[in-house]
Structure formats: structure tokens, C-alpha cells
Amino acid sequence: MGRRVVLGMALAGAAGVLWGSGAQSAVGRLVSPITSAGGTGLSGLVPDANRFRIYSVVGQLPHRDQSDYRLELGGLVDRPQTLSLDDLRAMPATRLVRTFQCVTGWRVRGVEWRGVALGHLLDQMGIRAEAGGVEFGSFDGTYTESLSLAQARRADVLVAYEMQGHPLSDDHGGPVRLYVAPMFGYKSCKWLSSVRAVAEVTPGYWEQRGYPLDAWLAGATNLPASS
Ligand SMILES: Nc1nc2c(c(=O)[nH]1)N[C@H]1C(S)=C(S)[C@@H](COP(=O)(O)O)O[C@H]1N2
Ligand SMILES: [Mo]
């Protein structure tokens, strides 16, 4: 475990914010822990605008080598499959530049993401008619999220492997995370390990703890969780 992680955990507690990192370069990162309350990073103020807070509900940063990474696609589908990072990189890529926003108030403008449209994977999986939702799992062993099928098919929902022109780092959920551009950050499951078609939308980690199922940012064209 790196020095920054240890320092961040010592100051921020076992869960929640580990440190803040700059949007512009992963190299120019500063240790910038803020007070954590129940793992949500609720500090009552935004001490440092335009910086990411690094979140992990398990209190550590899971690591998976790029060559060992696998994404399990399954559930109510005709073609369950396991993809490597190379498989994902060989698919058509989508680039998005958007503001990243946490429901606790911090935001980072102009963040560049690159990855595969989740809808492309859903097409490959052959979603069965009885499916209504998509469930996401993390190799941190704890975090979950979900979207309605209609939400998951939006062109601005990515299975992302690059951020700011670099491979996605451990702290931001690499090698692969979900990036749900039109919604608050908690939908964007880090350390993504599985995508499963399910009968209906199921509440994820934070939703079981009170966050709303629909997490639309202002200005997004909304599709309800039930659609
Ligand atoms: N596996 C996992 N994914 C997660 C979280 C988490 O704690 N664990 N936190 C969520 C929340 S609340 C936010 S705002 C973003 C933060 O992304 P970042 O850590 O890259 O800043 O990740 C989301 N995805
Ligand atoms: Mo968040």
C-alpha cells in the first residue's frame, strides 16, 4: 500500500475519502483529505474546488493488473461472456468530456473519458425480453449499482478504461470503471467486475443507504429508473 493511501486513511478514517486528486494530471496529485462522515465524504463544505475526492467504501484501493483484468457479462442474456481489457480496447471507443459531480457537492469540470458504450456490450450479450435492469458489481467485493435497461443503453454511459488520456488508475477505479455521464458520481461503479441483466432495477450500495435510484444531473434528459 502506498504512502498516500496510508496517510489518507489515517486522516480520513477507514471508509470514504482517501484523498483528492487533480483533474488535469494524475502526476500533480496532492494529498488533500477531507473529513469523512459515514463514508459519504459529507464535510459540509467544498474545501478545494475542481478536485476529485477518491472514494472507496471498503477503506482501501483494490488493485488488479491490466493483464489479469476480466469483466463478466451475464444474467438474463443469450450470450454470457468474459472480456479482457484487450477485448474492450478492440471494440469501438467513445470519448466524452464532461463535468464529474458528486452528490455531496464537489465537481470537476472538463474530465475526459474513453471507453466502450455500455449499450454496445448489451447488444453483444443478447439481452432477453424479460430483463428490465442492469446490475453492476465491483471487485472491491462490496459496491454495487444499477440502471434501467433504457438508461444503460444511453450513448453517454461508458465502460471506461481511460481518463484524461491515461489508463484509468487504481484510485479512480481502474483498470475499468463504469462512467454514467448524465448522473451523479455514485452511479459510476469503480473497479467494475460484472455487468448482469436482471428483471428489474435493484438498489445499489448507496441506494440501500438512502440515495435515490435516479441520480440525474441538472440538464440531463431523464429516463426514469422504471423505464
Ligand atoms: N466501487 C466503488 N465505486 C464508487 C464509489 C465507491 O466508494 N466504491 N464511490 C462512488 C461515488 S459516491 C463517487 S462520487 C465516485 C467518485 O469517483 P472517484 O473516487 O474517482 O473520485 O465513485 C463512485 N463509485
Ligand atoms: Mo459521490
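Just so you know, all these numbers are worked out from the coordinates, no wet-lab data involved. As the structure is a computational prediction, the values presented were derived from the model and not from experiment. Glycine also receives a Cβ, built like all others from the backbone with ideal geometry; neighbour counts cover every protein chain displayed.
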(message) Under a Cβ-only charge scheme (Lys and Arg +1, Asp and Glu -1), can you give me the dipole magnitude of the range 127-197 about the Cα centre, in debye to the nearest 20?
(response) 260 debye
(request) Please compute the net charge surrounding R64, taking Lys and Arg as +1 and Asp and Glu as -1 over other residues with Cβ under 12 Å from its Cβ. (result) -1
(message) Quick check: net charge around G165, other residues with Cβ under 13 Å of its Cβ, Lys/Arg +1 and Asp/Glu -1?
(response) 0
(request) Once you have the Cα-Cα distance between A49 and T99, take 0.36 nm times their residue separation minus that, and quote the gain in nm to one decimal. (result) 16.8 nm
(message) Run the paramagnetic zone check for Q81: 7 angstrom along Cα to Cβ, then residues of the range 188-210 with backbone nitrogen under 14 Å.
(response) 195
(request) May I ask you to work out the translational diffusion coefficient for the range 59-141 at 10 °C, viscosity 1.306 mPa s, via Stokes-Einstein with Rh from the Kirkwood sum over Cα pairs, reported in whole µm²/s? (result) 104 µm²/s
(message) Please rank T94, T144, T99, fewest neighbouring Cβ atoms within 10 Å first, as an exposure proxy.
(response) T99, T144, T94
(request) Just add up the charged neighbours of Y55: K/R +1, D/E -1, any other residue whose Cβ is under 10 Å from the Cβ of Y55. (result) +1
(request) Quick one: P(r) of the range 126-227 from all Cα-Cα pairs, 10 Å bins, percents rounded to integers, in order of increasing distance. (result) 16, 49, 31, 4
(request) Among H172, H120, rank each residue by its count of other Cβ atoms within 10 Å, from fewest to most, as a rough exposure measure. (result) H120, H172
(message) Using Cα-Cα distances under 8 Å and only pairs 6 or more residues apart, what relative contact order does the range 37-160 have, in percent?
(response) 25 percent
(message) Please list, ordered by chain and number, the residues whose modelled amide H lies under 5 Å from the amide H of N50; skip anything fewer than 5 residues away on the same chain.
(response) R107
(request) Just rank D78, D140, fewest to most, by other beta-carbon atoms within 10 angstrom. (result) D78, D140
(message) With just the Cα atoms defining each centre, how far is the range 55-78 from the range 83-155? Give it in Å.
(response) 13 Å
